[in-house]
Amino acid sequence: MQQGEEDELSVTIAHIVRKLKGSSLHSQLEKEARASLHNTDIKLETLKEDIKEFFKTSGWEKKLQNAVYRELSVLPAPCHPLAPVEHIKEPLTYMRKAQASWEKRVIKSLNSMCTELNIQLARKRPLNEQKELLNKWNEMGTDEPDLSLFRPVYAPKDFLEVLINLRNPNYDIGDQGNYKSHLGLIQVPLKIKDIPELRDFFQELSLNTGQLGVDDSTQVPPELFENEHLSLGKKVLAGHDSAAAQQFVRQGCPTSLRADLWALILNISNQPEDMLYYEQLKSNVIQHDLLSDSLIYKDVKLTASNDDYYFVFEDYLYQVLLCFSRDTSVLAHFSYSSASPPKSYIRGKLGLEEFAVFYPPNGVIPFHGFSMYVAPLCFLYHEPSKLYQVFREMYVRYFFRLHSISSHVSGILSLCLMFETLLQTHLPQLFYHLREIGAQPLRISFKWMVRAFSGYLATDQLLLLWDRILGYDSLEILAVLAAAVFAFRAVNLMEVTSLAAAEAVLADISTLKVMPLLQIFLFAVVP
């Protein structure tokens, strides 16, 4: 191992040890280690080895291993040891500036709504209001507050315009430029995978590998793949190994095991202290009313409540999202996100940093469609605290990247560029036709990708897609699927003559089957 690699490994180990030292797992391990000293099998002269063996046989080693694996999954990309903190968040200066500018715009929108409606960002609820909310906690969907004056702080199309206008000031394509560079809407140079690299990355999706979503159809005898995959899934669950579970779900999750396998991958165990933490968040919701609560109510009413699959989960969505907005542990993800949490000031102390607070407490301002990140999970988890933990972990690992400006390979900007490049390279006639009639493909597909296709695909298909997001620890599959949808509807799209007609062709993709589309696009059609 080279000196540089050794130094990098040392930094990684130190980072993970620091993170785990403040966790409940650390205190539990200390407690178990102390208790094990009274075990007659543990001798003083072989203390270290005996305790290691005890951890292995008692299952604590697996728990520690899964916790380390979780920390590795959110570890920022390696940086020079002297690099400033902002470089860890986002290495490119112009991206950081664009994100900061976007955040100011969002905060301005929120503040102007406060001023127009003459309401506070936060207030303590009177006792009678607290009791009322507590009593209807499980039926908040029946509540019909007047939200007519509230509007979403922003919608995906507003965010798309910002991405379209983004430029790298250090990159000059010249007067002639590359002929490809002017065709798409995204005009920033980022490293993205091409088809050979995608085939290599998603090799378990190849045509000669068994897949749930293809090989579990009624025409295929279950003994050919489905039964064996289910049996293997049970063994993976019994092994309590996050890394093994992540590898397993690349071929899809059996429906009966999905909830447990996802929880294992995300290292969610729903311990008593986790349930207590959720109850504390609930208590915070009961005691304080935030402006962001009205934004959550409005979003659920506009999206999930009108969805044929998700309207039944309206109460769950309110509970999870209201608690999420109060959860200060979410702030930790800003250490590896290009975004920064918005600040507010205690009344009369504007500009004084010692009186600054993050608002909302989790640092995330909900936008139009935000509740759709939670809705599909309601099919898997019926215990509110576990549903909450799984959503929070999905958000801090993946979903935050879909609404922040960054150069990360799973960031929305890279996904947009990959989508346009795939279409432009492998379906040039279709891409050029749509561009010529003023129907740039990204204007149609952006809403799918920013929501991770939630609300657009049938739920069973969406869960198969999210299996692969977890399995590959990457959002890149969203761009591939978006391109595959265009390829599937290419004949119809070649006939349209306007953006409205193109949108009509792709208005309903809820009947599409995800895995055949991905396999054909990646491994069968493209040369």
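One table, with the values for the structure above:
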item: Residue satisfying condition, being modelled with pLDDT of 85 or more and open to solvent by less than 60 Å² (accessible area, probe 1.4 Å), within set GLU32, GLU116, GLU90, GLU71; result: GLU90
item: Residue that is in contact with a Gly (Cβ under 7 Å, 6 or more places away or on another chain) and buried (at least 17 other Cβ atoms within 10 Å of the Cβ), where the choices are PRO156, PRO152; result: PRO156
item: Any chance GLU393 is in a helix (DSSP H, G or I), acidic (Asp, Glu), in contact (Cβ under 8 Å) with a residue 40 or more places away in the chain and buried (at least 23 other Cβ atoms within 10 Å of the Cβ); result: no
item: Breaking point among (1) over 27 Å from LYS343 (Cβ atoms); (2) in a helix (DSSP H, G or I), for PHE159; result: (1)
item: Helices (runs of 4 or more DSSP H) within region 78-135 that include 3 or more residues farther than 21 Å from VAL285 by Cα and among the charged types (D, E, K, R); result: 93-117
item: Condition met for GLU393 (under 30 Å from VAL320 (Cα atoms) and of a type in the set (Asp, Glu)); result: yes
item: Checklist (1) more than 30 Å from LEU266 (Cα to Cα); (2) at pLDDT 95 or above applied to ARG451, failing item; result: (1)
item: Residue in region 119-130 that is farthest from PHE150 (Cα to Cα), counting only those that are surrounded by 12 or more Cβ atoms within 10 Å (Cβ to Cβ) and at pLDDT 90 or above; result: GLN130
item: Long-range neighbours under 9 Å by Cβ, at least six apart or interchain, first residue in the same structural domain as ILE444 (by the TED database) and assigned to a loop (DSSP other than H, G, I, E, B) within region 497-525, second of a type in the set (D, E, K, R) and open to solvent by 60 Å² or more (accessible area, probe 1.4 Å); result: SER510/ASP308
item: In region 353-397, the residues that are of a type in the set (Asp, Glu), under 27 Å from MET113 (Cα atoms) and either at pLDDT 90 or above or in contact with a strand residue (DSSP E or B) (Cβ under 9 Å, 6 or more places away or on another chain) (or both); result: GLU353
item: Residue in region 506-521 that is surrounded by the most Cβ atoms within 10 Å (Cβ to Cβ), counting only those that are under 22 Å from the mean Cα position of the chain (by Cα) and β-branched (Val, Ile, Thr); result: VAL514
item: Helices (runs of 4 or more DSSP H) wholly inside region 412-493 that include at least 3 residues being touching a residue at least 24 places away in the same chain (Cβ under 8 Å), surrounded by 22 or more Cβ atoms within 10 Å (Cβ to Cβ) and more than 15 Å from the chain's Cα centre (by Cα); result: 412-426, 441-450, 476-488
item: Single residue of region 138-149 satisfying the filter (touching a residue at least 24 places away in the same chain (Cβ under 8 Å) and closer than 28 Å to PRO342 by Cα) that is surrounded by the most Cβ atoms within 10 Å (Cβ to Cβ); result: MET140
item: Helices (runs of 4 or more DSSP H) fully within region 176-291 counting 2 or more residues that are more than 30 Å from PHE358 (Cα to Cα) and polar (S, T, N, Q); result: 226-239, 242-248
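The values are calculated or read from the model by the stated rules, or taken from the named source; none is laboratory data. Remember, predicted model here, so these are calculated numbers, not experimental data. Neighbour counts are summed over all protein chains in view; Cβ atoms, including those assigned to glycine, are modelled from backbone coordinates with ideal geometry. Just so you know, the surface numbers come from the protein's heavy atoms only, side chains and all, with ligands and any DNA or RNA stripped out. Shrake-Rupley method; radii C 1.70, N 1.55, O 1.52, S 1.80 Å.
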